[in-house]
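Heads up, the thing below is written out as structure tokens.
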Amino acid sequence: MAEQLEFFPVPSPCRGICQSDDRGYCRGCMRSRDERFNWMKFSDAQKRDVLRLCHQRFLRLRRAGKKDLPDEPDQPSLF
């Protein structure tokens, strides 16, 4: 299947938290190690698929009532 032309790049879901949970997923963006390291090599379709997986992981954690859900990053504001 031909890849659809995109006008805007797919942004990285990184939230600046960058800590792994016990399953190896980032606590901030819910990506696996391979997904984080290879983000720039992925096509836009692959990036959208990773974002879909991250959203599913987040929903699964929320349904399970986990307390280590991603919060806002603890970085100081620039403004």
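When residues in the stretch 28-63 are screened for being assigned to a helix (DSSP H, G or I), in contact (Cβ under 8 Å) with a residue 40 or more places away in the chain and not hydrophobic (A, V, I, L, M, F, W, C), 1 of them pass. Scanning the stretch 25-49 for residues that are over 19 Å from residue 62 (Cβ atoms) and of a type outside the set (Lys, Arg) yields 34, 35, 37, 38, 39, 40, 42, 43, 44, 45, 46, 49.
Where a number appears in this text, it was derived from the coordinates with a stated rule and is not lab data. Not measured: the values here are computed from a predicted model. For neighbour counting, all protein chains shown are included, and Cβ atoms are generated from backbone atoms with ideal geometry for every residue, glycine included.
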